[in-house]
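Here is the structure we will look at, set down as structure tokens.
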Amino acid sequence: MMNTEIFKGELNLAALPSLLNRQDPVILDIGTNNGGHTKAFFDLFPYGLIHSFEPDPRCIAKFKANLSGYPRAKLYEIAIGAFDGAAEFYASGGQNLAVGYTMPEGWDMSGSLRKPKEHLTVNPGITFDNKYPVQVVTLDTWFKSSKLDRIDFIWADVQGAEGDLIEGGKETFANHVKYFYTEYSDTELYEDQLNLEKILKLLPNFSIMTQYENDVLLKNNNIV
């Protein structure tokens, strides 16, 4: 992997209009949680096509409440993963000690298709006491059914399931996704979580545009 300067924080969403350079981008918000980023995307791109994905019922309820004033918001109550079917979802709870506050219904921002591993040590206040089956669809399956011809930008927050997202979307990533923004970790927070080097091996057409401490912006070199 090339030596890349690593920046603090995360991608400034205000930079997206100049990056995508179009008024009607197709954006996927995968692991949308309460819809905060979806709302920001609509505010930046009033003519954009924003598709959001979230399997956690608690987050789904928050999304619907937060996006009630956005009639064009489209939420798919599914997880995007490595196969079409059902899988166990490990729902997070407890308190994020690093953030320092407790959500009334428990911390819901760390749920994953992947079983927690080092996460239990790194973030001891966050629990994973509940798991339940959720519907899983691959990105390739979803894209084929969507009738879209492009995806300008994917914002992914899938908590250790980055490999599942990519494995289930190989054709879509290779030929239709221009920019991909995702979390990564060099610590195996979840079982079989891929580090950045392994993520890049699964995406041979992509190169790093900007690397942050826990996130990376990638560009498909085959799409102008």
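Please treat every number below as a calculation from the coordinates, not as lab data. What you see is a predicted model, and the numbers here were worked out from it, not measured in a lab. All Cβ positions, glycine included, derive from the backbone under ideal geometry; neighbour counts span all protein chains shown.
Structure notes:
- Using a cutoff of 8 angstrom between alpha carbon atoms and counting only pairs six or more residues apart, the relative contact order for the stretch 181-224 works out to 37 percent.
- For the stretch 1-110, a crude dipole built from +1 on the beta carbon of Lys and Arg and -1 on the beta carbon of Asp and Glu, taken about the Cα centre, is about 340 debye to the nearest 20.
- Protection-proxy order for peptides 58-66, 136-144, 152-160, each taking the mean of Cβ atoms within 10 Å per residue, highest first: 152-160, 136-144, 58-66
- Per-residue ellipticity at 222 nm from helix content only, as computed over the chain with -39500 (n - 2.57) for each DSSP H run of at least four residues, stands at -6000 deg cm²/dmol.
- Based on C-alpha pairs under 8 angstrom that are at least 6 apart in sequence, the chain has a relative contact order of 21 percent.
- Computed from point charges on the beta carbon alone (+1 for Lys and Arg, -1 for Asp and Glu), the dipole magnitude for the chain about its Cα centre is near 640 Debye.
- Per-peptide packing, taken as the mean over residues of other Cβ atoms within 10 Å, places 190-197, 203-210, 48-55 in the sequence 48-55, 190-197, 203-210 from highest down.
- Calculated over the chain: convex hull of Cα atoms, volume per residue (Å³): 121
- Three-way shape label, the stretch 110-209, alpha-carbon gyration tensor, a/c 1.5: oblate
- Positive-end extreme of charge dipole, the stretch 1-106 - chosen from Asn21, Gly69, Thr38 (charges on Cβ): Gly69
- Under the criterion of Cα pairs below 8 Å and six or more residues apart, the relative contact order for the stretch 1-106 equals 21 percent.
- Only lysines eight or more places from Lys39 in sequence, or on another chain, were considered; those with a Cα closer than 24 Å are Lys8, Lys62, Lys64, Lys74, Lys147, Lys178, Lys219.
- Bridge orientation summary for the chain: considering DSSP beta bridges with both residues in this region, about 50 percent are antiparallel.
- Amide proton proximity set for Asp56, modelled H, under 5 Å, gap of 5+: none
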